[in-house]
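Presented below is the structure to which this report refers.
Where a number appears in this text, it was derived from the coordinates with a stated rule and is not lab data. Just so it is clear, the model here is predicted, and its values are computed rather than measured. Note that we place each Cβ from the backbone using ideal geometry, even for glycine, and neighbour counts take in every protein chain shown.
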């Protein structure tokens with residue numbers, strides 16, 4: 001993927017009823033099953049965004065499949081401790097679409113005083129090509145505010161920390177029982 | 001509603017140069033040409049939803065001095081502009097109702113004081129699947145009618 005994700009824009013959506021917001025990790029695209037994960041031609045795609053400077057958490061991330069063409073192009077990633085991941089992406093070309101989540105104080109399923117934020121990637125660039133199945137690291141980035149109060153934007157600055165090894169280690173609990181657990185452990189062992 | 005509002009500045013012809021009807025008036029020149037993408041736009045490349053969004057399907061907007069030329073991809077356009085040299089400073093295409101792909105400019109079009117019509121050729125934006133522009137070329141299709149060829153010169157072939 002390009003070294004810099006470029007400038008998109010962030011905006012707060014209309015206020016979501018804080019008592020009724022239900023978070024579905026990995027929603028916003030097609031749901032995947034164990035059968036999907038077990039297919040031999042799929043990849044584990046993962047990356048990291050440091051959201052400390054963002055107005056909200058990251059609770060989902062979505063990519064758009066641009067090749068091969070499909071009328072259902074959107075894939076939702078799971079998010080865990082600022083690591084975004086997908087366990088069953090097929091070979092093709094994908095473009096970062098958006099990510100986002102709630103602000104406010106999290107009380108179980110509730111977000112006190114929260115608003116939903118969606119950060120949109122530009123419609124050009126920000127692509128990822130998956131040519132063969134396996135592990136694909138998108139990179140680690142830090143969320144940076146840009147633009148003005150009236151024209152809010154963001155940028156994602158590539159960072160070296162956390163390392164890929166740290167990111168994989170962080171994600172490992174989410175891979176328990178899947179075919180990726182052993183492969184990720186092997187990858188962690190190889191990385192310095 | 002927000003998507004409609006976002007499209008209105010364009011659909012409301014803010015800066016859009018209207019298509020030519022009849023001969024060019026005094027001080028004006030008819031400008032003809034074409035724009036296409038290579039590879040061509042697939043019907044699924046644009047994810048357009050919302051009232052009025054179909055208006056921008058398959059259209060690339062060339063940004064020129066004094067406004068925008070709405071070009072249907074692969075089809076000739078014709079507009080009347082002030083009779084003086086101008087520059088195509090870039091292009092825009094709606095990928096979704098809120099996102100655009102941007103195309104490089106720097107194409108200078110020579111218009112002479114006695115020109116009544118000029119033909120700029122076919123601007124071809126070569127791109128990858130992410131709408132990154134890899135190269136810009138100008139083709140001379142041989143179509144000109146009575147228009148003088150004023151083939152645009154590409155000042156840059158690099159993605160902005």
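Quick look at the numbers
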item: C-alpha center-to-center spacing [the range A:114-144, the range B:34-76] in angstrom; result: 26
item: Average partner coverage of A:89-99, which counts Cβ from other chains inside 10 Å; result: 1
item: Two-site FRET efficiency, residue A:170 against residue B:114, from Cβ-Cβ distance with R₀ of 56 Å, rounded to 0.05; result: 0.20
item: Other protein chain Cβ atoms within 10 Å, averaged over every residue that makes up B:94-104; result: 3
item: Other protein chain Cβ atoms within 10 Å, averaged over every residue that makes up B:122-130; result: 4
item: Cβ crowding within 10 Å averaged over residues, with A:77-83, B:131-137 ranked highest first; result: A:77-83, B:131-137
item: Kirkwood hydrodynamic radius of the range A:96-192, from inverse mean 1/r over distinct Cα pairs, in Å; result: 16.5
item: In nm, spacing of pseudo-spin labels at residue A:103 and residue A:34 (7 Å Cα→C-beta vector); result: 4.1
item: Estimated D of the range A:20-142 in µm² per second, where Rh is the Kirkwood radius over Cα pairs and Stokes-Einstein applies at 25 °C, 0.890 mPa s; result: 163
item: Relative contact order (percent, whole number), the range B:24-150, Cα cutoff 8 Å, 6+ residue spacing; result: 29
